[in-house]
Every structure is written in structure tokens, then in C-alpha cells.
Amino acid sequence: MTSRGSLSGKLVVVTRPRDQSEVLVRELRHRGAKAIVAPAIEIVPARSAALTRALKELAAGEFEWITLTSRTTVEVLASRLAPRDARAKVAAVGEGTAEAFELWARREADLVPRTFTTAALARALPRGRGRVLCARADIAPEGLEDALAAKGWTPVRVDAYRTRTPRSLPLEARRALAEGRVDAITFTSASTVRGFVGAVGVVRGNPRVVCIGPVTARDARALGLSVHAVARPHTIDGLVEAVERAFARGRRLQSWP
């Protein structure tokens, strides 16, 4: 951890799964912060006949498009298919997901919306006919499929992975939160917000709440949290910049619920 930087001396709780936290933790530390990884969700690959069937149909060229709404979806494809078997046009929700796909498949995604949200992905996909594979988290809302159907497509929704929430947070995070030493908490999905709120114990002090995008921020507010900054763009780099903005603004903080 560096001794100087825009976040020097700040303690930031990272709620991403541990195996997805490396880049965020590194960037926070590069700016002088101390980061505590406190996973609020656990990602478990789905094992189902529906997923197996959908991937076989993808390899057979029976889909016009596949939507990739997270890096985890790409990881699921990579664990089950050869790159040549992703025989469909690819719509990726954002730059990070598109980059993960390109690294695996050695080709670029065919579509990446300007705004990195699922709603923007649905708007960006052109009208058409044919099947679209939507391999998503088990808890992902149905809005994407409804929007695609309205454009003439036949969406096929399958669970690519399952999201579990912990009963409690790691001891280091619990102690820091209870002692009022945490300066900020980052959330990278609505599920991390729900998992954190369900697992957290005592929170003292007024840690800033920083969210990666508007959907995550909406869920945080719905659960009673005061959101201090939202990433623009909705990427890890944007999230780190949002943490910086949250402190630079010097706004009066509301008490933790």
C-alpha cells in the first residue's frame, strides 16, 4: 500500500467475491487506501440440463445472439465450451465483459452499449427474429428477456451461475465496521448490496456508500442506505474514481441505518 495518494489513510470495504476483487483492491491501494475484502456474495456455477442443452445448441449455431451480462458468464462459457463453439453474435454489457470475452474467444464482441447496463444492452440490440441466448445469474431480473421479445427476438433464459449470500462477513470487516473505522463501502451489483445488508452486524460511523451503477444504487437506497457516489462509467476504474469523488465532495453524511 502506498503512503500517499488521493485515498491515503482511507479504509475501504470491498464486497465483491474474493476471486473478482483483485483489480479493485489493487487500484484502491495504488491511491493509498487500505482495502478489506468482505465478500457479500458467492458465485457458484450452475449445473443443469437446461444449461447443457443451451450450450449444445449454441455450438450448433442455433442462436443468432448471446448476451453476456457479466464476466462470470464468460467464465462459465470458457469452462464448458471451446471458443469456436460460441457460434452467435455477442452482445456484451460493458467493456470489462467484452474484454473478458475477447481474451477467451480471440474475437471482439459484436455489440457493446454506450451505457454499461442491462437495460442499455437491450436497447442497443437491433430488432430481428431468431433465438437469443440469455445465460445469466439465477437472481437476475427478467427485464432483458422482455425487452428482447418486444423487439421480435425469442429469448432463451438459462441460469449460468447461482448467487449465494453469506451468513456473516469476515472477522476483520466486522471489527472494522463495529469500531467505526471504515471510511467507504463499495458495491458492484445489487446482489452485493442485498448480501451485505443481510450479513452485516453493527456498523458505527458513517462510511460512504459507493455503487458501480444506477441499478446497484437504486437497490442500496431501497434498503435504506445513503448513496454518496455512483461510478461513471460503470467500470472498476469508474468505481475507484467515484470513491475519490465521495471524499472530495466533503458532503455531510447521514447516519448508517
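Here is how the numbers come out for the structure above:
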item: Within the range 66-84, tally of residues that are in a helix (DSSP H, G or I) and over 15 Å from A160 (Cβ atoms); result: 2
item: Index of the failed condition, A149 passing every other in (1) buried (at least 16 other Cβ atoms within 10 Å of the Cβ); (2) out of contact with any Lys or Arg (no Cβ under 7 Å at 6 or more places or on another chain); (3) hydrophobic (A, V, I, L, M, F, W, C); (4) modelled with pLDDT of 95 or more; result: (1)
item: Residue in the range 180-188 that is within 24 Å of V23 (Cα to Cα), crowded, with 18+ Cβ neighbours inside 10 Å, in contact with a Cys (Cβ under 6 Å, 6 or more places away or on another chain) and in contact (Cβ under 8 Å) with a residue 60 or more places away in the chain present; result: yes
item: Within the range 1-65, strands (runs of 3 or more DSSP E) holding 1 or more residues that are among the β-branched types (V, I, T) and modelled with pLDDT under 95; result: 42-45
item: Subset of the range 145-171 (residues that are outside any strand (DSSP E or B) and either polar (S, T, N, Q) or touching a residue at least 24 places away in the same chain (Cβ under 8 Å) (or both)); result: A147, L148, K151, G152, W153, T165, P166, R167, S168, L169, P170
item: V182 vs. criteria in contact with a strand residue (DSSP E or B) (Cβ under 6 Å, 6 or more places away or on another chain) and part of a loop (DSSP other than H, G, I, E, B); result: yes
item: Filter result for R174 (open to solvent by 60 Å² or more (accessible area, probe 1.4 Å), basic (K, R) and out of contact with any Asp or Glu (no Cβ under 7 Å at 6 or more places or on another chain)); result: yes
item: Residue count for the range 112-121, restricted to those that are in contact (Cβ under 8 Å) with a residue 40 or more places away in the chain and either in contact with a strand residue (DSSP E or B) (Cβ under 9 Å, 6 or more places away or on another chain) or among the aromatic types (F, W, Y) (or both); result: 3
item: S168, sole failed condition from (1) out of contact with any strand residue (DSSP E or B) (no Cβ under 9 Å at 6 or more places or on another chain); (2) polar (S, T, N, Q); (3) under 30 Å from D85 (Cα atoms); result: (3)
item: Residue tally, condition outside any loop (DSSP other than H, G, I, E, B) and not basic (K, R), over the range 87-132; result: 22
item: Which numbered condition V193 misses (of (1) touching a strand residue (DSSP E or B) at 6+ places or on another chain (Cβ under 7 Å); (2) modelled with pLDDT of 95 or more; (3) open to solvent by 10 Å² or more (accessible area, probe 1.4 Å); (4) part of a helix (DSSP H, G or I)); result: (3)
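The values are calculated or read from the model by the stated rules, or taken from the named source; none is laboratory data. Note that this is a predicted model, so its numbers are computed, not measured. Here the Cβ is made from the backbone with ideal geometry for all residues, glycine too, and neighbour counts use every protein chain on show. Just the protein is used for accessible areas: all its heavy atoms, side chains included, with ligands, DNA and RNA removed. Shrake-Rupley method; radii C 1.70, N 1.55, O 1.52, S 1.80 Å.
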